[in-house]
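Below is one structure, written out as structure tokens, with a few remarks after it.
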Amino acid sequence: MESTHRIHDDFMYYLKYKDQSLIDLYIDLRAFVKSLNPDSNEFLYHTHALTSVYSVSDKLGDAFCMIPIYTNHLNLGFNRGTLLNDTHQLLQGTGKYIRHIPIEKPSDYRNDRVKKLILAAITFAKNDTNSIPIQSGKIISKIKR
């Protein structure tokens, strides 16, 4: 099993081309998400965005949140955002399920409102899965270089 703290080489290959401020923001947001669920599996993708996805199992369908990094910004996305109780109306978007919080600075996510939303997403994903084992802390790269 790969360390859940270090960033996978496939991901770093593309991340290093982003502005340093965006890299720093991603690293801190990733650490924040992983601190709330250290055993989550991390799926890595490079499509229209460089994205890390966090799941309670080894299946993408059991993901609770994601961090897509675009050219000049990043988001904290929630795979089942429309099904979460967003009492503070933090989530944006118009998709059937996915919602996101635009991230510009650490205070956009390092607060109790977002922490509670992430924890609710984790609980929802755990209750919604039939996968066993639930978690293992793996990093799974789907990036082709």
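The values are calculated or read from the model by the stated rules, or taken from the named source; none is laboratory data. Note that the structure is a prediction, hence the values are computed from the model and not measured. Methodologically, a virtual Cβ is constructed for each residue, glycine included, from the backbone with ideal geometry; neighbour enumeration extends over all protein chains shown.
For the stretch 10-19, a tally of residues being touching a residue at least 12 places away in the same chain (Cβ under 8 Å) and part of a helix (DSSP H, G or I) returns 5. Checking each residue in the stretch 32-47 for being loosely packed, with under 15 Cβ neighbours inside 10 Å and in contact (Cβ under 8 Å) with a residue 12 or more places away in the chain picks out Pro38, Asp39. Looking only at residues in the stretch 5-60 that are under 13 Å from the mean Cα position of the chain (by Cα), polar (S, T, N, Q) and more than 15 Å from Leu119 (Cα to Cα), which one is modelled with the lowest pLDDT? So, considering only residues that are under 13 Å from the mean Cα position of the chain (by Cα), polar (S, T, N, Q) and more than 15 Å from Leu119 (Cα to Cα), the one modelled with the lowest pLDDT is Asn41. In this structure, is Leu91 over 12 Å from the mean Cα position of the chain (by Cα) and either at pLDDT below 95 or surrounded by 15 or more Cβ atoms within 10 Å (Cβ to Cβ) (or both)? So Leu91 passes the test. Of all residues in the stretch 126-145, those that are modelled with pLDDT under 85, polar (S, T, N, Q) and touching a Ser or Thr at 6+ places or on another chain (Cβ under 8 Å) total 2. Here the stretch 94-132 is the region considered, the condition is being farther than 26 Å from Asn72 by Cβ and in contact with an Asp or Glu (Cβ under 8 Å, 6 or more places away or on another chain), and the residue that is surrounded by the most Cβ atoms within 10 Å (Cβ to Cβ) is Ala125.
For first residues located in the stretch 99-111 and more than 13 Å from Tyr26 (Cβ to Cβ), partners that are assigned to a helix (DSSP H, G or I) and small (Gly, Ala, Ser) and lie 6+ apart or on another chain with Cβ distances below 6 Å form the pairs Arg99/Gly81. Return yes when Ser131 is without any contact (Cβ under 8 Å) to a residue 60 or more places away in the chain and either part of a loop (DSSP other than H, G, I, E, B) or in contact with a helix residue (DSSP H, G or I) (Cβ under 8 Å, 6 or more places away or on another chain) (or both) and no when it is not. Considered against the rule, which asks whether it is without any contact (Cβ under 8 Å) to a residue 60 or more places away in the chain and either part of a loop (DSSP other than H, G, I, E, B) or in contact with a helix residue (DSSP H, G or I) (Cβ under 8 Å, 6 or more places away or on another chain) (or both), Ser131 comes out as no. Is it true that Lys59 is surrounded by fewer than 21 Cβ atoms within 10 Å (Cβ to Cβ), basic (Lys, Arg) and either more than 22 Å from Ser131 (Cα to Cα) or in contact with a Pro (Cβ under 9 Å, 6 or more places away or on another chain) (or both)? It is false that Lys59 is surrounded by fewer than 21 Cβ atoms within 10 Å (Cβ to Cβ), basic (Lys, Arg) and either more than 22 Å from Ser131 (Cα to Cα) or in contact with a Pro (Cβ under 9 Å, 6 or more places away or on another chain) (or both).
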